[in-house]
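Since the structure comes first, as structure tokens, the remarks are kept for the end.
The values are calculated or read from the model by the stated rules, or taken from the named source; none is laboratory data. Here the structure is a predicted model, which means the values were calculated and not measured. Here the Cβ is made from the backbone with ideal geometry for all residues, glycine too, and neighbour counts use every protein chain on show. Ligands, DNA and RNA are stripped out before the accessible areas are found, and what is left, the full protein with its side chains, is counted by its heavy atoms. Shrake-Rupley method; radii C 1.70, N 1.55, O 1.52, S 1.80 Å.
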Amino acid sequence: MNTNLPICLGQLLHILIQDTYHDLSQLSELLHSRTDMERKIQLARFSRKTNHHFVRLLALANWASSPENFKNLSTFTTFLDTQSRLYVDTADLLYLQENQGLKGSELPQFCIVSAIDILRSSTYSFLPTCISRCLISLSSISENEKLSTLHKLDRNLRLRLINLVPTLPYTLIPSLKLCPKGCLTMRVANEFSAKLTLLSDDPSIPWRLIQLDFLIHDKRSFDNRPLVHSQQKLFLQLLVQSRLFKQDDENVLTEAYQLLHSFCISMQLQVLYTQLIQLINHWGKHNLEVEEYIPGDRLRLAYWYSSPMNLILDMHCSITISALPSISTLFRIFIRLPIL
């Protein structure tokens, strides 16, 4: 019998009335042979049972008057049907696994020799290397070994620099400094600081960039936030490292320096342009104006162009700040004055 079929309230009331009439007919036939006390007991039971059924039917009719109750009941019934179906499917799969998939499966034989070795020596000498490297931590080196390694690394760095000094530009040499912890620092004030190291004493091993920091700041900003985004910094690190991987060891440091120096000059020019715009917006455009700005190339600033003499002569003073690709110059400044 399918219990999911809907039943009308009128049909349910008809069934309840038929059951009540059936019980009442049986009482009328059987109460003649009972005593007066038994008749009262049977009538009281019949009254309580009938009252209970009709009260439940009345409560059901009041509950069914709200459509929201039907919606909740339908959702709950659907959830129960889904859970029942999943339960039946899980039971069927477990039955198939037991009788078909795992019918001939057996546990492997225990390795008694390895168990005895582990209990006796508290170690397992046959552990694969790939597992031991991942799970077993290596013992840390001693302080003497650490100092000896750093000393050898400093010697390798010093030898590599001695061979590179004749080929380096004279303006790059002051920015290089050996650190006592096995790294070479390339630092330019107000621009960048890069730390390099070597992984071997082999001359063919390229330099490795281990840290890159930019020292450019906007003094007018109060939050002192970095001007270089983390993604942009990561891109520059990868780009500098790709330049260091070149086989021409004589020019890799120069190329890395020129790359970082050009980027920092461009950033400084951008900071100067931003500060000028803020200054012009604050004080007005009566005496200052940015005539031309090409990112990473030049910035031309005009001043005193609104004075009476310059307006009559149609002349003004200007300053041009040009960023040059040379590693020996930061900016080149051209000043233009009116000829009187």
Sorted list, accessible surface of protein heavy atoms, 1.4 Å probe, largest first, for Glu292, Glu38 is Glu38, Glu292
Size of the range 103-235 as Cα extents on the principal axes (Å, biggest first):
75, 41, 29
Looking at the chain, which longest stretch skips every one of the chymotrypsin sites (Phe, Trp or Tyr not before Pro) that is in a DSSP loop with at most 15 other Cβ atoms within 10 Å, leaving the sites themselves out?
1-109
Under 5 Å, built H, 5+ apart or other chain: amide partners of Phe192
Leu215
Which whole-number percent is the relative contact order of the chain (Cα, under 8 Å, 6+ apart)?
7 percent
Helical mean residue ellipticity (222 nm; -39500 (n - 2.57) per DSSP H run of 4+; nearest 500) of the chain:
-17500 deg cm²/dmol
Under-5 Å amide H pairs with Cys183, H placed in peptide plane, nonlocal only
none
Nearest 20 debye, what's the magnitude of the dipole of the chain about its Cα centre given +1 on Lys and Arg Cβ and -1 on Asp and Glu Cβ?
760 debye
Hey, got a sec? Which trypsin sites (Lys or Arg not before Pro) in the range 1-78 land in a DSSP loop and have at most 15 other Cβ atoms within 10 Å?
Arg34
Binned Cα-Cα distance frequencies in the range 1-99 - 10 Å width, integer %
12, 25, 22, 18, 15, 7, 1
Pick out, in residue order, every one of the trypsin sites (Lys or Arg not before Pro) in the range 188-245 that is DSSP loop and has at most 15 other C-beta atoms within 10 Å; say none if there are none.
Lys219, Arg220
Under 20 Å from the Cα of Lys233, which aspartates and glutamates turn up, not counting those fewer than eight places away in the same chain?
Glu191, Asp213, Asp218, Asp223, Glu255
Relative contact order as a percentage, the range 146-247, C-alpha pairs under 8 Å and 6+ apart, gives 19 percent
Which residues' amide hydrogens lie under 5 Å from the amide hydrogen of Glu289, considering only partners 5 or more residues apart or on another chain, with H built in the peptide plane?
Ala302
Counting just the Cα atoms, what span does the range 54-156 cover along each of its three principal axes? Round to the nearest Å and put the largest first.
97, 48, 26
All Cα pairs of the chain, percent lying beyond 37 Å
65 percent
Work out which helices of the chain, taken as complete DSSP H runs, extend at least 18 Å along their axis over the Cα atoms and score a mean Kyte-Doolittle of -0.5 or more, then list them.
9-30, 67-96, 230-244, 252-283
